[in-house]
1. Identify the residue in segment 202-234 that is crowded, with 22+ Cβ neighbours inside 10 Å and among the hydroxyl-bearing types (Ser, Thr, Tyr) and, among all such residues, is nearest to the ligand (Cβ to nearest atom).
2. Tell me which of these residue 11 doesn't satisfy, since it passes every other one: (1) hydroxyl-bearing (Ser, Thr, Tyr); (2) at pLDDT 95 or above; (3) out of contact with any Asp or Glu (no Cβ under 7 Å at 6 or more places or on another chain).
3. Would you be able to tell me the number of residues in segment 164-182 that are of a type outside the set (Ser, Thr, Tyr) and within 14 Å of the ligand (Cβ to nearest atom)?
4. Enumerate the pairs (first residue in segment 294-323 and farther than 30 Å from residue 242 by Cβ; second residue anywhere and hydrophobic (A, V, I, L, M, F, W, C)) with beta-carbon separation below 6 Å, excluding pairs fewer than 6 apart on the same chain, so at least 6 apart or on different chains.
5. Which ranges mark the strands (runs of 3 or more DSSP E) fully within segment 43-161 that have 3 or more residues being within 16 Å of the ligand (Cβ to nearest atom)?
6. Right, residue 304: of a type in the set (Lys, Arg), over 30 Å from residue 153 (Cα atoms) and more than 16 Å from the ligand (Cβ to nearest atom) or not?
7. Starting from segment 113-134, keep only residues that are under 14 Å from residue 286 (Cβ atoms) and at pLDDT 95 or above, then list their pairs with residues that are part of a loop (DSSP other than H, G, I, E, B) and of a type in the set (Ser, Thr, Tyr) whose Cβ atoms are within a distance under 7 Å, requiring at least 6 positions of separation or different chains.
8. Of all residues in segment 30-40, which are out of contact with any Gly (no Cβ under 6 Å at 6 or more places or on another chain) and either not acidic (Asp, Glu) or not in a loop (DSSP other than H, G, I, E, B) (or both)?
Amino acid sequence: MKVLVAGGAGYIGSVTTEMLLDDDHEVVVFDNLERGHRKAIDKRAAFRKGDLRDKDRVFKVMADFKPDAVMHFAAYALVPESMEKPEIYFRNNVVGGVNLVEAMFKADVGKIVFSSTCATYGQPEKVPITEDVAQKPTNPYGESKLAFEKVLNWYHELHGMQTVFLRYFNACGATEKFGEDHDPETHIIPIIMQVALGQRKGVKIFGDDYKTPDGTCLRDYIHIVDLAQAHILALKGNYSGPFNLGTGTGYSVKEVVETAREITGHPIPAKMAPRRPGDPPCLVAGADKARKILKWKPRYGDLKTIIQSAWNWHREHPRGYGK
Ligand code: UDP
């Protein structure tokens, strides 16, 4: 298939592009390189620089390439930033998304796989979180993703567009070529990798007084290769609607630190720190729907495998993609 990957220079978009190409699809990456990296774009892909907020540019690239399907990863994704600047989240993630889907409609492109998030659930009323749990985001980031899911629902309803939203839990890990490089970095695993590389003194654990087995938050860490695989399955199938992507196992922050100590051989000094505002104690996916319908089977769910792959990449790329 011909696939336009919006945000293909970012973390999850770069790996999905790599796997689409391995699976013999033709890919055009559309990215503004504001937060993504030129070096993260697989050399086998074509590249069109552009910003989703620039409607004329989006329309032009869509009309020129005429893909069979679009994968959409191009969004801002930092919760604390969204609490300070909600407008940039709604403008990029919602208005930019509307430009993309309108351009698809005009160019007669009938299929989109959208990167959504478990942040659309907010503080879930039950765990494991299944797709029918009420969506009540607790920050503008989650709200912007939910708003775009709703836009897509209407394109499905009104125009029969095939619209899939994949709600990721905690994306992590790397392939040999591509890994996680954000600036600023806020995610626990890359922060720990920076400690192991001697670039930070230690890691702060945000809260150890939660009602969880060891007092620290539980998260469902899902390897990006498994996430990318789900995109390819969604592309090939004939589905619309939401799918949660996680392993169904929660690991605590302390377990993540401990596993990283084992893998890296570094002591990873950890200090207890106050809770981070807005952190739900436990986010674990009920992902049976993806397993049953997409026939998705995560293969790299084990925390050691995830951290080993992240460590391999960070050791090879101690400065990420470079500045
Ligand atoms: N966390 C932490 N210290 C850090 C970064 C994150 O203790 O420096 C915790 C965070 O509070 C959460 C978990 O690690 O419980 C995962 O956080 P991350 O930011 O990686 O992903 P999120 O779950 O927020 O999407």
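The values are calculated or read from the model by the stated rules, or taken from the named source; none is laboratory data. Only a predicted model underlies this, so the values are computations on that prediction, with no experimental measurement involved. Here the Cβ positions follow ideal geometry from the backbone for every residue, glycine too, while neighbour counts run over all protein chains shown.
1. That would be 216.
2. That leaves (3) as the condition not met.
3. Residues of segment 164-182 of a type outside the set (Ser, Thr, Tyr): 164-167, 169-174, 176-182.
Filter once more, so that each one left must be within 14 Å of the ligand (Cβ to nearest atom): 167, 169-173, 180, 182.
Qualifying residue count for the region: 8.
4. Final answer for the pair search is 308/263; 311/263; 314/193; 318/197; 321/40.
5. Details: elements: 46-49, 69-72, 111-117.
It comes to 111-117.
6. On the way: of a type in the set (Lys, Arg): yes; over 30 Å from residue 153 (Cα atoms): yes; more than 16 Å from the ligand (Cβ to nearest atom): yes.
Yes: the conditions hold for residue 304.
7. Taking only residues 6 or more apart or on different chains, the pairs are 129/121; 133/121.
8. Going residue by residue through segment 30-40, those that are out of contact with any Gly (no Cβ under 6 Å at 6 or more places or on another chain) are 32-35, 37-40.
Listed by number, the residues that qualify are 32, 33, 35, 37, 38, 39, 40.
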